[in-house]
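Asker: Take this structure first; my questions come after.
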Amino acid sequence: MITLYGDASRTRANRCTWMLNELGIEYENKPLAFRPGQEKPADFLALNPNGKCPTLVDGDLVLFESLAINLYLARKYGGSGLGPRTPEEDALMAQWSFWVATEVEKPLLLTAAVRHLFDPRLPGTEETDITLGKLQRPWSVLDAHLQDRTFMLGDRFTVADLNLAAVMHFIPIADVDISRWPSMQRWLEACLSRPGAVDVRSVAFRVPRPQSSRDIFAMFV
Ligand SMILES: N[C@@H](CCC(=O)N[C@@H](CS)C(=O)NCC(=O)O)C(=O)O
């Protein structure tokens, strides 16, 4: 039996519950979420010394990193639908997963924090001028890639789409206008409207707005 640690309403475990929903396999969820500075249970730290969610246990295998967990689940349980059919597809799934984690995740998360998660919300700030500026290039790359494809690898929805869209789900939540990138917009709407994506369609918590840009910066590095 697979066990997934992480509360899907508050943590990146939502990326993995989406994958598990798509696969339709049974699993146990331990809905952990930690407040800053909170001590973590020793038995959880023994599994994942980073002390972060999600963490997945499947038999003797313990895995951290949400996107790596999804790549594993797709390879092992995804058959030729969600998972790779060839080593080349496998490589492209890894490429796009690393790409979204390194080129998109931080600036988008900071944008979403400023525009949605922080209480009080501020409509436009110096921080979002910078973060939205950083997102122009990767989003133009993604939009161009999707101009002649329904999904990242062609006609079928795979873990590459799931990993990208599971990071980019903050776009509608933060009300970011992406109409400049119509192919990316069409693709993101198609991914996020899948029934399995239920946990990434909303964010049910807010955090107090940090006092200064310096404090915001400290949260994200
Ligand atoms: N890159 C990791 C990030 C994991 C992560 O930062 N998880 C947060 C919840 S979304 C966490 O558990 N934070 C607790 C902490 O930082 O102490 C992944 O994608 O799995």
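The values are calculated or read from the model by the stated rules, or taken from the named source; none is laboratory data. This structure is a prediction, so every number in the text was calculated from the model and none was measured. Because the Cβ atoms are built from the backbone with ideal geometry, glycine has one as well, and the counts that use them run over all protein chains shown.
Asker: Looking at 122, 108, 135 in this structure, which one is more than 27 Å from residue 85 (Cα to Cα), at pLDDT below 95 and not polar (S, T, N, Q)?
Answerer: Being more than 27 Å from residue 85 (Cα to Cα), at pLDDT below 95 and not polar (S, T, N, Q) holds for just one of 122, 108, 135, which is 122.
Asker: Could you give every pair whose Cβ atoms fall below 7 Å, whose first residue belongs to segment 143-170 and is of a type in the set (S, T, N, Q), and whose second residue is assigned to a loop (DSSP other than H, G, I, E, B), counting only separations of at least 6 or pairs across chains?
Answerer: Sorted first by the residue in segment 143-170, then by its partner, the pairs are 158/82; 158/152.
Asker: Going by the structure shown, is residue 115 free of Cβ contacts under 8 Å to residues at least 40 places away in the same chain, surrounded by 13 or more Cβ atoms within 10 Å (Cβ to Cβ) and in a helix (DSSP H, G or I)?
Answerer: For residue 115, the condition - free of Cβ contacts under 8 Å to residues at least 40 places away in the same chain, surrounded by 13 or more Cβ atoms within 10 Å (Cβ to Cβ) and in a helix (DSSP H, G or I) - is not met.
Asker: Sticking with this structure for a sec: Residue 132 versus (1) surrounded by 12 or more Cβ atoms within 10 Å (Cβ to Cβ); (2) at positive phi: which is the lone unmet condition?
Answerer: The number of the failed condition is (2).
Asker: Looking at (1) surrounded by 15 or more Cβ atoms within 10 Å (Cβ to Cβ); (2) at positive phi, which is the only condition residue 188 fails?
Answerer: Residue 188 satisfies all of (1) surrounded by 15 or more Cβ atoms within 10 Å (Cβ to Cβ); (2) at positive phi except (2).
Asker: Let me ask something else about it. Does segment 149-168 contain any residue that is farther than 20 Å from residue 20 by Cα and part of a helix (DSSP H, G or I)?
Answerer: no
Asker: Looking at residue 110, is it of a type outside the set (D, E, K, R) and assigned to a loop (DSSP other than H, G, I, E, B)?
Answerer: Working: of a type outside the set (D, E, K, R): yes; assigned to a loop (DSSP other than H, G, I, E, B): no.
For residue 110, the condition - of a type outside the set (D, E, K, R) and assigned to a loop (DSSP other than H, G, I, E, B) - is not met.
Asker: Tell me the helices (runs of 4 or more DSSP H) entirely within segment 1-99 that contain at least 1 residues that are charged (D, E, K, R), surrounded by 12 or more Cβ atoms within 10 Å (Cβ to Cβ) and touching a helix residue (DSSP H, G or I) at 6+ places or on another chain (Cβ under 9 Å).
Answerer: The helices (runs of 4 or more DSSP H) meeting that bar are 13-23, 66-77, 87-99.
Asker: Something else now. Considering segment 1-32 alone, what residues qualify as being more than 15 Å from the chain's Cα centre (by Cα) and within 13 Å of the ligand (Cβ to nearest atom)?
Answerer: 4, 5, 30, 31, 32
Yes/no matrix, rows are residues, columns are (1) within 30 Å of residue 26 (Cβ to Cβ); (2) in contact with a Gly (Cβ under 9 Å, 6 or more places away or on another chain); (3) in the same structural domain as residue 211 (by TED's automatic domain parsing):
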| residue | (1), (2), (3) |
| --- | --- |
| 73 | yes, yes, no |
| 94 | yes, no, yes |
| 109 | no, no, yes |
| 118 | no, no, yes |
| 122 | no, no, yes |
| 129 | no, no, yes |
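Asker: Find the residue count for segment 169-185, including only residues that are outside any helix (DSSP H, G or I) and surrounded by 15 or more Cβ atoms within 10 Å (Cβ to Cβ).
Answerer: 5
Asker: Let me ask something additional. Go through segment 48-80 and give me each residue that's closer than 24 Å to residue 158 by Cβ, of a type in the set (Gly, Ala, Ser) and near the ligand (Cβ under 7 Å from one of its atoms).
Answerer: If the condition is that a residue be closer than 24 Å to residue 158 by Cβ, of a type in the set (Gly, Ala, Ser) and near the ligand (Cβ under 7 Å from one of its atoms), then 66 is the only one that fits.
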